[in-house]
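Engineer: Attaching a single structure in structure tokens format; questions to follow.
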Amino acid sequence: MISSQYGREFTGSHYEKIKKVYSIWICMKPPQYRENTITRYRLVEEYLVGEGKEPIRNYDLLSIIMLCLGGPDGSNYDGVLRMLDVLLSNETSEAEKRKILQDDYDIQMTQTMEREVSVMCNLSKGVEEKGVAKGILSSIKNLMETMGLTIEQAMAALKVPEGERQKYMDLLERQ
């Protein structure tokens, strides 16, 4: 991200024009010991031989923020961690998400905000559906390879609904 600024933010040897980069990671299912935590990683100066002190502005160009969600059962479940957990949850309905954002975070539900919440709901649903489809596709391929089943037999063994079978045939054909 820093080097991609060359030619856009600075040219030649004008490194003083580099802008600081923030990388924010949202971890949905972290290990239990990381649940409901926010951690920052940053660059620091460390003298290995001698002391060539550099102004912090010359090297502090990258910060990583890791937000590890965990759910209401853990400690620290409030603020941005709770808000992100609610927004990205597959179990919370769109209407409930809007109510929580409005009541608990004083976020007015304008048409634009309602549309954004809807996009977030559909995004998490889409990611989940894509993951499920990938797992089913992998299982079909494994059954075909290890058991010598046809695609139809493999889908029947996995109890893939009739209405979805063409989708998996098409996906397998494209691979």
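Engineer: Cross-chain or 8 or more residues apart, Cα under 24 Å: how many lysine pairs in the chain fit that? Count them up, please.
Structural biologist: 21
Engineer: Now, a different point. Stretch Lys53-Met144 to full length: gain in nm at 0.36 nm per residue minus the Cα-Cα span?
Structural biologist: 26.5 nm
Engineer: Let me ask something additional. Quick one: if the Förster radius is 35 Å, what FRET efficiency do Glu116 and Arg42 give, using the C-beta to C-beta distance and rounding to 0.05?
Structural biologist: For R0 = 35 Å, the calculated efficiency reads 0.70.
Engineer: Mean separation of Cα pairs under 8 Å and 6+ residues apart, divided by the residue count of the chain: what relative contact order is that in percent?
Structural biologist: With pairs under 8 Å counted, the relative contact order is 16 percent.
Engineer: Using a 1.4 angstrom probe, figure out how much accessible area region 62-109 has per residue, in square angstrom, rounded to the nearest whole.
Structural biologist: Solvent-accessible surface per residue comes out at 54 Å².
Engineer: Working from Cα positions, state the angle (0 to 90°, nearest 10) between the long axis of helix 79-88 and the longest principal axis of the chain.
Structural biologist: In the chain, helix 79-88 runs at an angle near 30 degrees to the longest axis.
Engineer: Helix 165-174 versus the longest principal axis of the chain: what is the Cα-based angle in degrees, 0 to 90, to the nearest 10?
Structural biologist: 60 degrees
Engineer: Could you tell me the distance between the Cα centroids of region 103-175 and region 21-97, to the nearest Å?
Structural biologist: 29 Å
Engineer: Report the local net charge at Gly74: Lys and Arg +1, Asp and Glu -1, summed over other residues whose C-beta lies under 15 Å from its C-beta.
Structural biologist: -1
Engineer: Additional query: So, R0 is 45 Å and r is the distance between the beta-carbons of Glu173 and Ser75; what FRET efficiency does that work out to, to 0.05?
Structural biologist: 0.35
Engineer: Multiplying the sequence separation of Met83 and Gln166 by 0.36 nm and subtracting their Cα-Cα distance, what value in nm do you get?
Structural biologist: Using 0.36 nm per residue and subtracting the Cα-Cα distance, I get 26.0 nm.
Engineer: In region 103-175, if the dipole is taken from +1 on Lys/Arg beta carbons and -1 on Asp/Glu beta carbons about the Cα centre, which of Tyr168, Asn142, Gln111 is farthest to the positive end?
Structural biologist: Checking the options against the dipole of region 103-175, the answer is Asn142.
Engineer: Hey, rough spin-label estimate for Arg34 and Lys159, points 7 angstrom out along Cα→Cβ, what's it come to in nanometres?
Structural biologist: 3.4 nm
Engineer: Mind giving me the nanometre distance, one decimal, between the label points for Glu152 and Tyr15, set 7 Å out from Cα along Cα→Cβ?
Structural biologist: Output for this residue pair reads 6.6 nm.
The values are calculated or read from the model by the stated rules, or taken from the named source; none is laboratory data. Everything numeric here is computed off the predicted structure, so don't read it as measured data. As a convention, Cβ positions derive from the backbone with ideal geometry for all residues, glycine included, and neighbour counts pool all protein chains shown. For accessibility, only protein heavy atoms count, side chains too; no ligands or nucleic acids. Shrake-Rupley method; radii C 1.70, N 1.55, O 1.52, S 1.80 Å.
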